1. Can you tell me how many residues within segment 127-136 are more than 12 Å from ligand 1 (Cβ to nearest atom) and either part of a helix (DSSP H, G or I) or open to solvent by less than 20 Å² (accessible area, probe 1.4 Å) (or both)?
2. Working only within segment 97-107, note down all residues that are under 16 Å from Val82 (Cβ atoms) and open to solvent by less than 90 Å² (accessible area, probe 1.4 Å).
3. Residue check: is Asn76 in contact (Cβ under 8 Å) with a residue 60 or more places away in the chain, near ligand 2 (Cβ under 8 Å from one of its atoms) and either open to solvent by 40 Å² or more (accessible area, probe 1.4 Å) or of a type in the set (Ser, Thr, Tyr) (or both)?
4. Yes or no: segment 82-90 includes at least one residue that is at pLDDT 95 or above, within 30 Å of Lys189 (Cβ to Cβ) and either within 11 Å of ligand 2 (Cβ to nearest atom) or not in a loop (DSSP other than H, G, I, E, B) (or both).
5. Restricting attention to segment 106-116, does a residue exist that is farther than 18 Å from Leu165 by Cα, within 11 Å of ligand 1 (Cβ to nearest atom) and out of contact with any helix residue (DSSP H, G or I) (no Cβ under 6 Å at 6 or more places or on another chain)?
6. Just one of the numbered conditions (1) surrounded by 16 or more Cβ atoms within 10 Å (Cβ to Cβ); (2) free of Cβ contacts under 8 Å to residues at least 60 places away in the same chain is not true of Ile124; which one?
7. On the given criteria, is Asp8 more than 28 Å from Trp191 (Cα to Cα), open to solvent by 40 Å² or more (accessible area, probe 1.4 Å) and modelled with pLDDT under 95?
Amino acid sequence: MKLRQEVDLLRHITISLLLLLAFTGCGNRQDTTGQDSQSQTSQVDNTGHQDWETIVEVLLHPRCLNCHQLELPLINQGSPHVPRVERGPENMGMGTMRCSNCHSDQNNPVTGAPGAPGWAMAPITLNWSRMSSAQICALLTTPQDNGGRSPEQLMLFMSENPLALWGWNPGGKREPVNIPHGKLVEALKSWIAAGTPCPPQAPSS
Ligand code: HEC
Ligand code: HEC
């Protein structure tokens, strides 16, 4: 009987101690790292939804959107490309207006034409310029609709492909993508780890 009580008391003390430790541990973390609330949210939120918000903010940035159009590329914050150029059968322009006539594999400070290896309009299947966040997410997670691309391929492209990386070094007076590239890569990793969750689709009208 006495022993039983002692064990109970011991257990009680252990639990209180553990709670205290957990509590002060949290307090310390907050005090010493001084991280902003943004990164704390991303530590706590492992559902992937916050990560998708980061990803879609990049996808909708003018640096990316200007090539991910239906027919004509755009410039700056979305103005028409002057001179007018068209997609053409291979996404590389038509006739004398081939993209490669003016765009090389790097930014050209003399002509002002930006450049990166593979400069061309994005395939029509990847035109998300008029889509909502939920629709873009559905497109990217449905290989039958996006040209057979898996989330892992998308991640690789956005992490390493020079066309995507150009968005962080666009040359001239163009504004680079506002989300740091490292943050995008982290968001892609955790979004995929969370099973590529998408925002709910609005009911179609
Ligand atoms: C100069 C035009 C251009 C710009 C600017 C551009 N893209 Fe693309 N994008 C393309 C082309 C072309 C492809 C198709 C590449 C392929 O399939 O080989 C593509 C493909 C993609 C894909 C699919 C990758 C895959 O798996 O094939 C993603 C995702 C993507 N782009 C995201 C971005 C993001 C994010 C940005 C901005 C940071 C961006 N793009 C900027 C032209 C562009
Ligand atoms: C006759 C030359 C010429 C041709 C052909 C041409 N471009 Fe351009 N493009 C330019 C110049 C110059 C700029 C810079 C304009 C500026 O920033 O004011 C530019 C800018 C752009 C931009 C703007 C990037 C941004 O975010 O501001 C995109 C995207 C683009 N071109 C895509 C294409 C694509 C895709 C093709 C082929 C289908 C193409 N261009 C064909 C000369 C050309």
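1. Step one: filter segment 127-136 for residues more than 12 Å from ligand 1 (Cβ to nearest atom), giving 130-135.
Of the ones still in play, those that are also either part of a helix (DSSP H, G or I) or open to solvent by less than 20 Å² (accessible area, probe 1.4 Å) (or both) are 133-135.
Residues flagged as more than 12 Å from ligand 1 (Cβ to nearest atom) and either part of a helix (DSSP H, G or I) or open to solvent by less than 20 Å² (accessible area, probe 1.4 Å) (or both) within segment 127-136 amount to 3.
2. Met97, Cys99, Cys102, His103, listed by residue number.
3. Against the criterion (in contact (Cβ under 8 Å) with a residue 60 or more places away in the chain, near ligand 2 (Cβ under 8 Å from one of its atoms) and either open to solvent by 40 Å² or more (accessible area, probe 1.4 Å) or of a type in the set (Ser, Thr, Tyr) (or both)), Asn76 qualifies.
4. no
5. Within segment 106-116 (the criterion being farther than 18 Å from Leu165 by Cα, within 11 Å of ligand 1 (Cβ to nearest atom) and out of contact with any helix residue (DSSP H, G or I) (no Cβ under 6 Å at 6 or more places or on another chain)), the answer is no, since none of the residues qualifies.
6. Single failed check for Ile124: (1).
7. Judged against the criteria, Asp8 is a match.
The values are calculated or read from the model by the stated rules, or taken from the named source; none is laboratory data. Keep in mind that what you see is a predicted model, and the values were worked out from it rather than measured. We place every Cβ from the backbone using ideal geometry, glycine too, and count neighbours over all the protein chains shown. Just so you know, the surface numbers come from the protein's heavy atoms only, side chains and all, with ligands and any DNA or RNA stripped out. Shrake-Rupley method; radii C 1.70, N 1.55, O 1.52, S 1.80 Å.
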